[in-house]
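Novice: Got a structure here, written out as C-alpha cells. Questions coming.
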Amino acid sequence: MSSVQTVTVLGATGSIGCSTLDVLARHPERFEVYALTANSRLDALFDQVLAHRPRYAVVQSESQAEVFLTRLKDNGLSTQVLYGEAGLCQVAAEADVCMAAIVGAAGLMPTLSAVRAGRKVLLANKESLVMAGQLFMDAVAESGACLLPIDSEHNAIFQCLPRFVDNGLDELGVSRILLTGSGGPFRQRPIATLSTVTPDEACAHPNWSMGRKISVDSATMMNKGLELVEACWLFRCPPSRIDVVVHPQSVIHSMVEYVDGSVLAQLGNPDMRTPIAHALAWPERIASGVGSLNLIAQARLDFEAPDEQRFPCLRLAREAAEAGGTASAILNAANEVAVAAFLDGQLAFTAIPQILEKVVESQENCEPRTLAIVQAADAEARERASRLIQAL
Ligand SMILES: NC(=O)C1=CN([C@@H]2O[C@H](COP(=O)(O)OP(=O)(O)OC[C@H]3O[C@@H](n4cnc5c(N)ncnc54)[C@H](OP(=O)(O)O)[C@@H]3O)[C@@H](O)[C@H]2O)C=CC1
Ligand SMILES: CC(=O)[C@@H](O)[C@H](O)COP(=O)(O)O
Ligand SMILES: [Mn+2]
C-alpha cells in the first residue's frame with residue numbers, strides 16, 4: 001500500500017455515508033477524510049465533522065453554510081464550509097477517492113465531477129448511470145477514472161469477474177449475469193392489500209437497513225429495475241443477458257455464469273460495509289467490521305422467478321433498458337417524483353407504477369447526446385409525473 005488516500009464522502013449523513021465512515025475509521029493508516037457533504041441533516045453532519053475532522057464540509061445553501069461555519073468555529077473546528085452543487089463538485093474532484101452516495105438525480109453532477117477528474121469513484125448513486133449511462137461511461141473512458149461498484153449486486157458481479165469488462169461479456173467467457181433481489185417487504189403480501197400499505201411498511205426491508213427512497217424502490221422492485229440498467233452500463237452488456245432472480249435471504253449478492261457452465265457467486269451477510277471495504281481497498285482486502293457468514297444457521301437459500309404482475313416496475317425498467325435513449329432517465333425521474341409523493345402520503349403504493357407507465361408512454365424518447373438533453377428529459381418527466389399526481 002502506498003501513501004494515505006484522501007476520501008470525499010458525498011451523502012455522508014445517509015445510510016451508505018455512515019457505513020463508509022465506519023469503515024474509514026477502522027483504517028486511519030490508509031484513509032483521511034477530505035470532505036463530508038449533507039443536505040438536510042446538519043446535526044448529523046456536525047457530529048461527523050467533530051469525529052473525522054475533514055478539510056471541507058458541504059451543505060445545501062449559502063445561508064446554511066454561514067450558520068454551520070459559525071457553529072464549527074464556536075466549537076474550535078477549522079473545517080471550511082462550501083455549499084450547493086459547485087461545492088459538491090469541487091470536493092468530489094479534489095480527493096483521491098470519491099464515495100458517490102447522494103440519493104437520486106442530485107448525485108449526477110458531483111459524481112461526474114469526480115469521474116472527469118480521473119479519480120477513484122465508488123459508485124453507490126445508481127441513478128447517475130440510469131440517467132446518463134452512455135455519457136457517464138464515456139467520461140470514465142476519457143478521464144481514466146477507476147469506477148468501482150458499491151451497489152451490493154454490482155460489487156458482487158465485479159468480484160465474480162476476472163477483470164474489468166472493456167469489450168463486453170463474450171471476451172471474458174461470461175454467458176449471463178444473475179442479478180439477485182430480495183423481493184422486498186411485499187413479496188408475499190396479498191396483492192389486493194398493496195394499495196393501502198404505509199410508507200413505514202414499505203421502508204421495512206426484510207434484510208437491509210437503507211434510506212427511504214431506495215427502500216421504497218426495493219418494495220416496488222424498481223430498485224432491481226434500476227440495477228438492471230446499472231448493470232448494462234457497468235458490464236457493457238444488453239438487458240437480454242441479465243436475469244433477475246428473487247432470493248429472499250439476500251445472502252447471495254449476485255452471480256455470473258460462464259460458457260463452461262460454472263456459476264460464480266459472492267456471498268456475505270447483508271451489510272454494505274463489505275462492498276464498501278472491498279471497493280475502498282481494491283485490489284487489496286481490508287477488514288470491514290462485518291461478521292462471518294454462518295451458513296449452518298442460515299440453513300437455506302431460496303430462489304424464485306420475479307412476479308411481474310406484483311412488481312410492474314421491473315417490467316417498465318426492462319422495457320426502458322431495451323428502448324435505450326432517454327427512456328431510463330424519464331423512468332428514473334418519474335419514479336423519484338412518485339416515490340416522494342408516496343412517502344409524503346399523497347400517492348398510493350400501487351399508483352407508483354401507474355404514474356411511471358403514463359409518463360413513459362407520453363414522453364418522447366430522445367437520443368441522449370448531451371447532458372443538457374438528459375437534464376431536459378429528467379425535468380419534463382418530473383413535470384409530467386407531478387401533474388398526473390396532482391390530478392388524482
Ligand atoms: N443504503 C444502501 O444500502 C444502498 C444504497 N444505494 C444507493 O446509494 C445512494 C444513497 O442511498 P442511501 O444512503 O440509502 O440514502 P439516504 O437517504 O440514507 O442518504 C442520502 C444522502 O444524500 C444526501 N442528499 C439527499 N438529497 C440531496 C441533494 N439534493 N443534494 C445533496 N445531497 C443530498 C442526504 O443528505 P441528508 O441526509 O443530510 O438530507 C444523505 O446524505 C442511493 O443512490 C441508493 O440507491 C445502493 C445500494 C445500497
Ligand atoms: C444493499 C443493496 O444493494 C440494495 O440495493 C438491495 O439490493 C436492496 O434490496 P432488494 O434486493 O430488495 O432490492
Ligand atoms: Mn443493490
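Throughout, read-outs are computed from the coordinates displayed, never taken from laboratory work. Since the structure is predicted, the reported quantities are computational estimates derived from the model, not experimental observations. A quick note on method: Cβ atoms are made from the backbone with ideal geometry, for glycine too, and the neighbour counts reach across all protein chains shown.
Novice: Looking at 51, 86, 25, 105, which one is crowded, with 19+ Cβ neighbours inside 10 Å and small (Gly, Ala, Ser)?
Specialist: 105
Novice: Further question on the same structure: For the structure I just gave you, tell me whether residue 59 is in contact with a Leu (Cβ under 9 Å, 6 or more places away or on another chain) and either surrounded by fewer than 23 Cβ atoms within 10 Å (Cβ to Cβ) or in contact (Cβ under 8 Å) with a residue 40 or more places away in the chain (or both).
Specialist: no
Novice: Do you know which residues across region 159-186 are assigned to a loop (DSSP other than H, G, I, E, B) and more than 15 Å from ligand 2 (Cβ to nearest atom)?
Specialist: If the condition is that a residue be assigned to a loop (DSSP other than H, G, I, E, B) and more than 15 Å from ligand 2 (Cβ to nearest atom), then 161, 162, 163, 164, 165, 166, 167, 168, 169, 173 are the ones that fit.
Novice: Condition (residue is within 16 Å of ligand 3 (Cβ to nearest atom), in a helix (DSSP H, G or I) and touching a residue at least 60 places away in the same chain (Cβ under 8 Å)) applied to region 240-249: is it met by at least one residue?
Specialist: No, region 240-249 contains no residue that is within 16 Å of ligand 3 (Cβ to nearest atom), in a helix (DSSP H, G or I) and touching a residue at least 60 places away in the same chain (Cβ under 8 Å).
Novice: Pick from region 128-155 the residues that are over 11 Å from the mean Cα position of the chain (by Cα) and within 16 Å of ligand 2 (Cβ to nearest atom): which of them is surrounded by the fewest Cβ atoms within 10 Å (Cβ to Cβ)?
Specialist: 148
Novice: Let me ask something else about it. Name the pairs whose Cβ atoms lie under 7 Å apart, with the first residue in region 212-225 and near ligand 3 (Cβ under 8 Å from one of its atoms), the second assigned to a helix (DSSP H, G or I) and of a type in the set (Asp, Glu), and 6 or more positions between them or separate chains?
Specialist: 223/217
Novice: Of the residues 348, 385, 287, 341, which single one is farther than 25 Å from residue 112 by Cα, touching a helix residue (DSSP H, G or I) at 6+ places or on another chain (Cβ under 6 Å), outside any helix (DSSP H, G or I) and in contact (Cβ under 8 Å) with a residue 24 or more places away in the chain?
Specialist: Going through 348, 385, 287, 341 in turn, the sole match is 348.
Novice: One residue is enough: does region 70-77 have a residue meeting the conditions touching a helix residue (DSSP H, G or I) at 6+ places or on another chain (Cβ under 7 Å) and among the small types (Gly, Ala, Ser)?
Specialist: No - not one qualifying residue is present in region 70-77.
Novice: Is there any pair with a first residue in region 141-153 that is farther than 30 Å from residue 207 by Cβ and assigned to a helix (DSSP H, G or I) and a second that is more than 9 Å from ligand 3 (Cβ to nearest atom) and of a type in the set (D, E, K, R) whose Cβ atoms are under 9 Å apart and which are 6 or more apart or on different chains, and what are they?
Specialist: 142/116; 143/116; 143/119
Novice: Something else now. Within region 170-180, is there a residue that is under 19 Å from the mean Cα position of the chain (by Cα), away from ligand 1 (no atom under 15 Å from the Cβ) and buried (at least 24 other Cβ atoms within 10 Å of the Cβ)?
Specialist: Taking every residue of region 170-180 in turn, at least one turns out to be under 19 Å from the mean Cα position of the chain (by Cα), away from ligand 1 (no atom under 15 Å from the Cβ) and buried (at least 24 other Cβ atoms within 10 Å of the Cβ).
Novice: Hey, can you tell me all the residues within region 78-102 that are over 24 Å from residue 115 (Cβ atoms) and in contact with a helix residue (DSSP H, G or I) (Cβ under 6 Å, 6 or more places away or on another chain)?
Specialist: If the condition is that a residue be over 24 Å from residue 115 (Cβ atoms) and in contact with a helix residue (DSSP H, G or I) (Cβ under 6 Å, 6 or more places away or on another chain), then 79, 81 are the ones that fit.
Novice: Can I ask one more? Among the residues of region 1-38, which ones are within 16 Å of ligand 2 (Cβ to nearest atom) and not hydroxyl-bearing (Ser, Thr, Tyr)?
Specialist: 11, 14, 16, 17, 18, 22, 23
Novice: Also: Of the residues 114, 156, 192, which single one is assigned to a helix (DSSP H, G or I), farther than 30 Å from residue 59 by Cα and within 15 Å of ligand 1 (Cβ to nearest atom)?
Specialist: From the options 114, 156, 192, the qualifying one is 156.
Novice: Could you list, in sequence order, the residues of region 254-270 that are in a loop (DSSP other than H, G, I, E, B) and touching a residue at least 24 places away in the same chain (Cβ under 8 Å)?
Specialist: 259, 260, 268, 269, 270
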